[in-house]
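The values are calculated or read from the model by the stated rules, or taken from the named source; none is laboratory data. Keep in mind the model is a prediction, meaning the values are calculated, not measured. For neighbour counting, all protein chains shown are included, and Cβ atoms are generated from backbone atoms with ideal geometry for every residue, glycine included. These area figures cover heavy atoms from the full protein model, side chains too; ligands, DNA and RNA do not enter into them. Shrake-Rupley method; radii C 1.70, N 1.55, O 1.52, S 1.80 Å.
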Amino acid sequence: MARGQGASLDKKKLMADPVMVTTIVLLITFLSLFILYPLAILLVDSFVGDGGGFSFSVFKRVFQIPTFTTAITNTLKVGFVVGLIATAVGLLFAYVEMYVRINRFASGLFKMVSMLPVVSPPFVLSLSMIMLFGKAGIITRYLLKIYDNSVYGFWGIVIVQSLTFFPVCYMMFKGLLKNIDPSLEEAARDMGASRWKVFTSVTLPLLLPGIGNAFLVTFIESIADFANPMIIGGNYDTLATTIYLQITGAYDKAGAAAMAVVLLCITLAMFAVQKYVLEAKSTATLTGKASRARMLIEDKGVRIPLSTLCTIGAAFVILMYICVPIGALFPTWGFKFFPLTLKWFKLVFTRYHGLKAFKDSFVLSFIAAPITALLSMIISYLVVKRKFRSKGFIEAVSMLAMAVPGTVLGVGYIRGFSGGLFHTGFMQGLYGTGAILVIVFIVRSLPTGTRSGIAALRQIDKSIEESAYDMGAGSLKVFTSVTLPLIKDSFLSGLVTAFVRSITAISAIILLVTPQFLLITVQINEFAEKGSYGLACAFATILIIITYGSVLLMNLFIKHFGTSRQIKED
Amino acid sequence: MEKKSKGVRLEHISKIYRDPKTKKDFYAVKDASITIDPGSFVTLLGPSGCGKTTTLRMIAGFESPDEGNIYLGDEAINELTPNKRDTAMVFQSYALLPHYNIYDNVAYGLKIRKLPKDVIHERVMKILDLVELTGMESRMTNQLSGGQQQRVALARALVIEPSVLLFDEPLSNLDAKLRVQMRTEIRRIQQEVGITAIYVTHDQSEAMAISDKIIIMDKGVVAQMGTPYEIYYNPVNEFVADFIGEANFLRGPMVGTEGEFAILDIDGHRCKVEKHDGMSEGSTYTAVLRPEASSLSDTDGVPCKVILSCFMGSYQNYHVMVGKTLVRLEEYNPKHKRIYKVGDECRLNFDPVSVYVLRT
Ligand SMILES: Nc1ncnc2c1ncn2[C@@H]1O[C@H](COP(=O)(O)OP(=O)(O)OP(=O)(O)O)[C@@H](O)[C@H]1O
Ligand SMILES: [Mg+2]
């Protein structure tokens, strides 16, 4: 049995389609150059390293740096604890929302909690943690009269990261719980099992792969997180911050490259387990559609404590987010609260080049967002609707970007582009320009966009595009006249997500930004490091307003122009 | 339609797929050679998974054959992409463009061909008239019933005046009554336009009702191709006989001849059946007996015993045992006939001309 002819015909048909061929070639070039190559150069550099020729010398050297080995254990410890806490809290919230009768107010809070991490810059919670519980914290100093509380270190990072990442788990569990058929649990209840027994013997086992999945996702996020450990870590260094300091402090690029390889290996291993073992399992066990609405728990003994707990938790998280804009209005945080003042905002714009910072951040993100959105829709279209040889490569590399921590990518770009391609000087002009920042933004948001694009396209009957193709439309025409209009919503939200992710990004960009560009997130980080919380808060507040504003704008836009919703209904 | 429609020829076409579970390659279509005359209506019929859709998609260009060549008219089209092939497909799910209204859906293919606006308008209106959808141009697709959506799909395929129309179970989403109405409609339009049509279905009555020729497929292989009449009365094997209509199989050795008929020994009973050349005494044969071609009586025929008797309105349905062989029969217009009850011993008789002996 030979499939040769079919394959060669498929190839001929592809070659007869110049638009497709060009797109595929360009995509492969882009992905190889800006995702694979920087990672490859890290490997090469850390093995060739100091002496030239293949050796483990660089690895040997960095493993003798005590702060590095401590950073590895620190990172893993934090990741593990954060994974546990975020998963547990996320599960609790999801359970309460799906199983317990809660009031409108509480469900409104829940919704906000799930939205906030999406639209906030990454270190907002660290800032407010310091402002609420630090040495000059309102709660510790003014309410509890504790004058020497330190939030810096292990627990600071753990708490902040748990609060940042648990909404992701909450959304994941909500999706999974929706797919559990209520009659399974009711059957167990009928046979006399208590509610707790039903939870542990029916619900929990069904969720088990999902729990593992959520745990690993959080674990990876925690390990890759740069901003929070940077601000609230104090002397407690994680891998991401150690690598950053190795470059900016010790100027040891080869060492940083080797460290980045270590960090990359850890996240890749976890990503592999998460993606190929747990993700498939967690949805495979729960494909059942709920046959009817679930009987919510009315029992006061269960309902009141659970919903109160979650409401307070949610309110607390929201309080922490609100803390930042309010903090920007206090004359001196921790010492003088009144009268409220706009002086920090004024300072931002008069002395600290606020306008330029916002312009630079805004413009770069504004350029990156549509490219990212379009690129991810094209990739999703190719992956879901077309078949060709290099499809697996395109899909794998764009998903791989998801597992690459920003810091690793940043180091890879430094090593890969500062001296030109393969240190030959070719394309050296790219380094230090706005273009490379835009490219980093694109690469960092591409996986999320692609994932949502793929999900959206899978919903659409394949034969709709085939029919257009069959009517005589070429690939480009099919994409622009059928595919894109049908996934308009997904495209628009991808646009905004890419914009928000770009404007709030820091981990990779902080390594690559040159003095000619002032980025808001870098400014926030700088002022927070210096202890100028008023300024940091003012910068952060304006950033939040921009991101939140653009999300609102998008929702309005979709409501008015999104036709695909009306299509999806039937 | 001024354009002349073209025939389609498949020469030793095979398609190999890989089973995602076992990772083994298998033939979804195997060595299919089919010739379809211009202007004829040909149906691909077979059970689920036999390769009908795969065959159709190879003709449309969505799949590439692993062996063999496909010709449209005299042109080899193996290497052409679907948008360059002069075929138009009507999909099972209609596949209308949901963000366009009816007019734009039908006009889509013409706009791709960059025809002038007034020509497009004229042709769209003419086709909408043909499928009886005049006045609905500005509706969105979700404001139409299933049958109307199917007509739009048909109109959209017809309007680009393809050489061949391809249908993949176009009626399976409709209710039974509408299905019958639409299939007549499709046949009417096909004849009116004079276009070649290849139609996939697994519904045998649909196939019988509309086809010039039926191609029966079984596990990727073309089992038989012929007119509905040939397929029904001269099936090449048990699969075809059983798939088209109901069939009883009488199996036994040939024990003699009687004039131009052969005598088969069915569980000890002598049955007179049609004889064809190449039948020889002593060999075992299978004869196909259609349920409507036999009846029960008290006097002459093969002795049998009734094990089921059921009044169905237009006919009385019997199951009888001839020795160890089950025979189902339908006795039509039973009003003035004797009704046999379960347990009755009686005789089964049939005209030997209507019993067809398989040549395998
Ligand atoms: N893309 C594919 N990859 C692997 N196997 C496939 C693929 N498409 C079809 N098959 C297999 O090929 C065989 C023929 O499929 P096909 O769709 O042609 O059947 P069909 O006759 O149209 O059936 P139905 O009446 O159910 O539509 C089936 O066993 C099917 O599972
Ligand atoms: Mg089919």
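With every protein chain in place and a 1.4 angstrom probe, the accessible-area ranking of B:T55, A:T22, largest first, reads A:T22, B:T55.
Taking every alpha-carbon pair under 8 Å whose residues sit at least 6 apart, chain A reaches a relative contact order of 21 percent.
Between B:Q143 and B:R18, how many nm apart are label points set 7 Å from Cα along the C-beta direction? Placing both labels 7 Å beyond Cα along the Cβ direction yields 4.8 nm. The residues of chain A expose on average 43 square angstrom of accessible surface per residue, using a 1.4 Å probe on protein heavy atoms. Between amide H atoms placed 1.01 Å from N, distances below 5 Å from B:V29 occur with B:K15, all of them 5 or more places distant or on a separate chain. Near the amide H of B:M217, within less than 5 Å, lie the amide hydrogens of B:L45, B:G46, B:A223, all on another chain or at least 5 residues away, with H placed in the peptide plane. Accessible area per residue for the stretch B:239-360 is 51 Å², calculated with a 1.4 Å probe on protein heavy atoms, without ligands, DNA or RNA. Rolling a 1.4 angstrom probe over the stretch B:8-242 with all protein chains present gives an accessible area of which 49% lies on carbon and sulfur atoms.
Would you work out which of B:L154, A:L84, B:M136 lies farthest towards the positive end of the dipole of the protein assembly as shown? Charges go on Cβ: Lys and Arg +1, Asp and Glu -1. Highest projection toward the positive end goes to A:L84.
Structural descriptor for the stretch B:8-242: relative contact order 27 percent, calculated from alpha carbon pairs under 8 angstrom and at least 6 residues apart.
If the segment from A:K11 to A:L553 were pulled out straight at 0.36 nm per residue, it would be longer than the present Cα-Cα gap by 190.7 nm. The C-alpha atoms of chain B define a longest principal axis, and helix B:102-112 lies at about 70 degrees to it. Based on DSSP H segments of at least four residues, each scored -39500 (n - 2.57), chain B has a per-residue ellipticity at 222 nm of -7000 deg cm²/dmol. Simple point charges give the picture: +1 on the Cβ of Lys and Arg, -1 on the Cβ of Asp and Glu, and for the stretch B:35-121 a dipole about the Cα centre of about 440 debye. With the simple model of a label 7 Å out from the Cα in the direction of the Cβ, A:N103 to A:S150 spans 4.3 nm. In a reduced charge model with +1 at each Lys and Arg Cβ and -1 at each Asp and Glu Cβ, the protein assembly as shown shows a dipole moment near 3620 debye about its Cα centre.
Inter-label distance, B:D37 to A:F63: 8.1 nm, where each label sits 7 Å from its Cα along the C-beta direction. Hey, any idea what % of the stretch A:416-570's accessible area is carbon plus sulfur with a 1.4 Å probe? C and S fraction of accessible area: 63 percent. Each residue was assigned an accessible area with a 1.4 Å probe, and for B:C346 the value is about 10 Å². When the helix-only estimate is applied to chain A (DSSP H runs of n ≥ 4, each -39,500 (n - 2.57), divided by the residue count), what is the mean residue ellipticity at 222 nm, nearest 500 deg cm²/dmol? Mean residue ellipticity at 222 nm (helix-derived): -23000 deg cm²/dmol. Other residues whose C-beta falls under 9 angstrom from the C-beta of B:F62 contribute a net charge of -2, scoring Lys and Arg +1 and Asp and Glu -1. In terms of its C-alpha gyration tensor, the stretch B:246-357 comes out prolate, because a/c is 1.5 or above and the ratio a/b outweighs b/c.
Taking all protein chains together and rolling a 1.4 Å probe, A:R415 ends up with roughly 50 Å² accessible.
Which helices, taking whole DSSP H runs in chain A, have alpha carbons extending 20 angstrom or more along the helix axis plus mean Kyte-Doolittle at least -0.5?
Counting only whole DSSP H runs, the qualifying helices are A:66-99, A:104-119, A:154-178, A:204-224, A:253-272, A:300-327, A:354-385, A:434-458, A:488-503, A:533-561.
Using Cβ point charges alone (K and R +1, D and E -1), the dipole size of the stretch B:8-242 about the Cα centre works out to roughly 700 debye. Accessible area per residue was computed with a 1.4 Å probe on protein heavy atoms; A:W155 scores about 150 Å².
Taking every C-alpha pair closer than 8 Å and separated by at least 6 residues, the mean separation divided by the residue count of the stretch B:246-357 gives a relative contact order of 31 percent.
Scanning residues 5 or more positions from B:D344 or on other chains, those with amide H under 5 Å from its amide H are B:V306, with H placed 1.01 Å from N in the peptide plane. Between the listed residues B:G343, B:V322, A:I371, the Cα displaced farthest toward the positive end of the dipole of the protein assembly as shown, a dipole computed from Cβ unit charges relative to the Cα centre, is found at A:I371. The residue among A:T67, A:A269, A:V168 whose Cα reaches farthest toward the positive pole of the charge dipole of the protein assembly as shown, with charges on the beta-carbon of Lys, Arg, Asp and Glu, is A:T67.
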